[in-house]
Protein chains: 2
Amino acid sequence: MRNIKLTMEYDGKRYLGWQRLGDSDKTIQGKIESVLSEMTGEKIEIIGSGRTDAGTHARGQVANFKSNTKMELSEILDWLNRYLPQDIVIKKVEEASERFHARYNAIGKQYSYYIWNDAIPSAFERHRSFHYPQKIDLNRMNEACRKLLGTHDFIGFSALKKTKKSTIRTINELSVQKEGSMIHFTFSGDGFLHKMVRIITGTLLEIGAGTMELETIDKIFENKIRANAGETVPAQGLFLDEVYYH
Amino acid sequence: MRNIKLTMEYDGKRYLGWQRLGDSDKTIQGKIESVLSEMTGEKIEIIGSGRTDAGTHARGQVANFKSNTKMELSEILDWLNRYLPQDIVIKKVEEASERFHARYNAIGKQYSYYIWNDAIPSAFERHRSFHYPQKIDLNRMNEACRKLLGTHDFIGFSALKKTKKSTIRTINELSVQKEGSMIHFTFSGDGFLHKMVRIITGTLLEIGAGTMELETIDKIFENKIRANAGETVPAQGLFLDEVYYH
């Protein structure tokens, strides 16, 4: 049986997120599975590198699926892009080794979050960024980023309740760049807990706006209390950029 | 009576274009007039620098209107951005001299056109660019641009039928830049005939793809036959960037 790896981008606006929900037609996984099942005549299930929430976008989500199809990779690519809706685009179709598993084998991910930081909103960026009109001190925010780098228990920066699984993660890169009115956050690390990128971004915004102290970050690492961190910023500013494998 | 100048951006996707059509709610002009009329209690008519076609976007459209309102400029800005749909954003509201007329006083305009030049479409750029997967020779296209620069009768590159008005225009700048898969055309000149930017872009694409000779441009200037030029590329790749005044 072949094991086929897909790399894709999607505009998450119209969808309830990655994960299939019953027979719902409103998920990315569901859309792709139904096109692949029709294409192969088999009942295809795809494994994503991880879920993305409702409204979240991807520029480099990865998934794999098993199939006996005899189609060439380029034919599969063409078929998918012909029959998928235009807001889901398959960028690459590759043959993977039998044991490749898009979730278990992922060793890291990169996410971006975009803030439109201007008194006036943007007609064009509104579906791909969060409009935050307050003044932001980028230096303060960069200082806060340095505190977040490295290996920590991030449970206080996540939407998780108590769990037996490890909530220790490593952030290798956390950068903030401003170009015009757009602030671009880049997160790269070995994994991210549920809503962790959006909660950290919300915390950085409050620190940048001066309504939260820098030391609050140290406190949250100690007391692990989610309520001490910033708000969860909306899904529409979040992009899964890339999934890393060995 | 005050004369107030508006500078605005809009995502043209949902609209039938700039110009009000009867009582239609589907035009940019109509949307802005109805918010202003409600705001002032007067029957407001706005004058745009020119029409934009259905589906065309603007980053710097300019308009003016007369009113007796006593509201401050910042209040007008806030009111408009609160009550207009999110895909129309007013960027500036200014007091203009009594004689300022957004159309008659315009001395030039800049437009952009975007081509997504990749075998694989883009999930994110599809509403703001035209997907053209064929290989393009940028050097050939740049040579063609040089032929179009300057003062010419552009009627063969327009959707106009015979007209008594002058169809002579001057293009001061016509540049083509590629960044990643996106080709960005910039047009700047003293004025553009109906669909001229889209027809020139369609012509440049055929020259770049090698299906049209460079000399065809000279021929169209001579014989003024629209059918010799390229296809009209779709409205969704076109942006009115800026309107120039003295």
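The values are calculated or read from the model by the stated rules, or taken from the named source; none is laboratory data. Predicted model, so just to flag it, every value in this text is computed and none were measured. Here the Cβ positions follow ideal geometry from the backbone for every residue, glycine too, while neighbour counts run over all protein chains shown. We work out accessible area using only protein heavy atoms, side chains counted, and drop any ligands, DNA or RNA first. Shrake-Rupley method; radii C 1.70, N 1.55, O 1.52, S 1.80 Å.
What the table shows:
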| quantity | calculated |
| --- | --- |
| Some residue of the stretch A:120-133 being surrounded by fewer than 14 Cβ atoms within 10 Å (Cβ to Cβ) and within 14 Å of chain B (Cβ to nearest Cβ) | yes |
| From the options A:Thr7, A:Thr56, residue that is of a type in the set (Ser, Thr, Tyr) and open to solvent by 20 Å² or more (accessible area, probe 1.4 Å) | A:Thr7 |
| When residues of the stretch A:14-30 are limited to those that are in contact with an Asp or Glu (Cβ under 7 Å, 6 or more places away or on another chain) and open to solvent by 40 Å² or more (accessible area, probe 1.4 Å), the one farthest from the other protein chains (Cβ to nearest Cβ) | A:Arg20 |
| Residue list for the stretch A:56-102, restricted to those being within 14 Å of chain B (Cβ to nearest Cβ), in contact with an Asp or Glu (Cβ under 7 Å, 6 or more places away or on another chain) and either assigned to a helix (DSSP H, G or I) or more than 19 Å from A:Tyr244 (Cα to Cα) (or both) | A:Leu73, A:Asp87, A:Val89 |
| Enumeration of residues in the stretch B:135-165 that are part of a helix (DSSP H, G or I) and within 30 Å of B:Ala119 (Cβ to Cβ) | B:Leu138, B:Asn139, B:Arg140, B:Met141, B:Asn142, B:Glu143, B:Ala144, B:Cys145, B:Arg146, B:Lys147, B:Leu148, B:Phe157 |
| So A:Arg51, is it open to solvent by 10 Å² or more (accessible area, probe 1.4 Å), within 21 Å of the chain's Cα centre (by Cα), away from every other protein chain (no Cβ under 14 Å) and among the charged types (D, E, K, R) | yes |
| Search result, residues across the stretch A:217-233 that are part of a loop (DSSP other than H, G, I, E, B) and surrounded by fewer than 16 Cβ atoms within 10 Å (Cβ to Cβ) | A:Ile225, A:Glu231 |
| Matching residues in the stretch A:169-216 - criterion: being without any contact (Cβ under 8 Å) to a residue 40 or more places away in the chain and open to solvent by less than 40 Å² (accessible area, probe 1.4 Å) | A:Thr170, A:Ile171, A:Leu174, A:Ser175, A:Val176, A:Leu193, A:Gly202, A:Met212, A:Thr216 |
